[in-house]
Amino acid sequence: MTALDEWGWSEDRERERQAFPAHLAPARVVAEHRGRYRVQAAAGERTATVAGRLRHEAETRADLPAVGDWVLVEAADADGAAVIRAVLPRSSRFSRKVAGDRTDEQVVAANIDTVWLANALDQPLSLRRIERYLAMAWESGALPVVLLTKRDLAEEVQRALDSVAGIALGVSVHAVSGLTGEGSAALEAYVGAGSTVALLGPSGVGKSTLINRLLGRPALRVAPVRDGDHRGRHTTSHRQLVRLPSGGMIVDTPGMRELQLWEADDGIRDTFGDIEELAASCRFGDCRHAGEPDCAVAAAVESGRLDGARFASWQKLEREQAYLDRRGDAVAESREERRIRAIMRSYRHHPKYRR
């Protein structure tokens, strides 16, 4: 096994690399911080910057490297940093809309096999938030798993497990404690040699504590949550890929206060498969489930077979995705218009076309 194999390099990656100049060396992005990167190459870890051409040709922020990406680099620049010339195709990626009004994609983690969605049991359990995370996790192409952390502080662990299992259809749910180690043995199956996990969730749910437990040492800084509201203190300030003793890897991420959808149509369908199945039995194919006759969804809500809050959550995510799709189409059209105008300006100023 080579040094890169330990970080997940494979024969498929090698075939992808052969489409590029031979002098470019493969490396994996292990950390990103304010536009600077740390990459793991065969010769070891080093700092890296994005080549000007790659940055210029990137249509969106999502085309630039993210933690977990496999990239191709060349020799160090004047500052001693490697230069990232290309990003190899991603096998999966967990993305969200950037915070604020901009309609852009932010890739949180790339080339991941499993997404651990962490929710703390010392706080009121938000099933609606878990549904949102699940929709985006399914869309990523990785396997979603729900972790109920801080089980040592909970009194009704089984009740919480049953509640989440009722909305996380086809998804494994584990109650764990990073502090005491309870339940952590079940996580070993996800972090075997060469596998990559992304650990996501709000601040204060114990992500860094759990990673320290898996590492077997206090490598990541942790801090107690605030008194009163149990909000976290953002001990993790940037995304990083951490190697585990098992040979697997885990992406540690800062807490997410805001998680807006990004192209989650399939993820919503996977998360709400029970509602999608009911909708297929409605009398009208375009039923909006808002008073139409013979609506199977409305009938299920009325009879209690479908939780009204879950139905409302599905509607909210559907509306949000539809709005984002409309915004995305408008942004793409605007970008294309700017690109065409730039091409026309270059023609007008080219000596060949001057009169």
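Observations on the structure shown:
- Isotropic mean projected area of the C-alpha convex hull, segment 5-87 (nm²): 5.5 nm²
- GluC sites (Glu not before Pro), loop per DSSP, at most 11 other Cβ atoms within 10 Å - longest free stretch of the chain: 157-257
- Segment 54-144 - Kirkwood radius from inverse mean 1/r over Cα pairs (Å): 15.3 Å
- Segment 93-252 - Rg (one decimal) and Dmax (whole number), Cα, Å: 14.9, 42
- Span from the segment 166-201 Cα centroid across to the segment 234-305 one, whole angstrom: 19 Å
- Euclidean distance of C-alpha centroids, segment 20-45 and segment 112-156, integer Å: 30 Å
- Taking 0.36 nm per residue of separation and subtracting the Cα-Cα distance, full extension of the segment from A280 to S303 would add 6.5 nm.
- With the convex hull drawn around the C-alpha atoms of segment 121-215, the volume per residue stands at 99 Å³.
- Lysine pair count for the chain with Cα-Cα distance under 30 Å and sequence separation of 8 or more or different chains is 6.
- Debye intensity ratio I(q)/I(0), log10, the chain, q values 0.07, 0.09 Å⁻¹ (C-alpha model): -0.36, -0.59
- FRET efficiency for A290 and S172, using Cβ-Cβ distance with R0 set to 41 Å, rounded to 0.05: 0.75
- FRET efficiency estimate (nearest 0.05) - Cβ-Cβ, H56 to E156, R0 56 angstrom: 0.55
- Sites R269 and A189, calculated FRET efficiency, Cβ-Cβ separation with R0 22 Å, nearest 0.05: 0.25
Bear in mind that the values in this text are calculations on the coordinates, not laboratory data. In this text, all values refer to a predicted model and were calculated from it rather than measured experimentally. Here the Cβ is made from the backbone with ideal geometry for all residues, glycine too, and neighbour counts use every protein chain on show.
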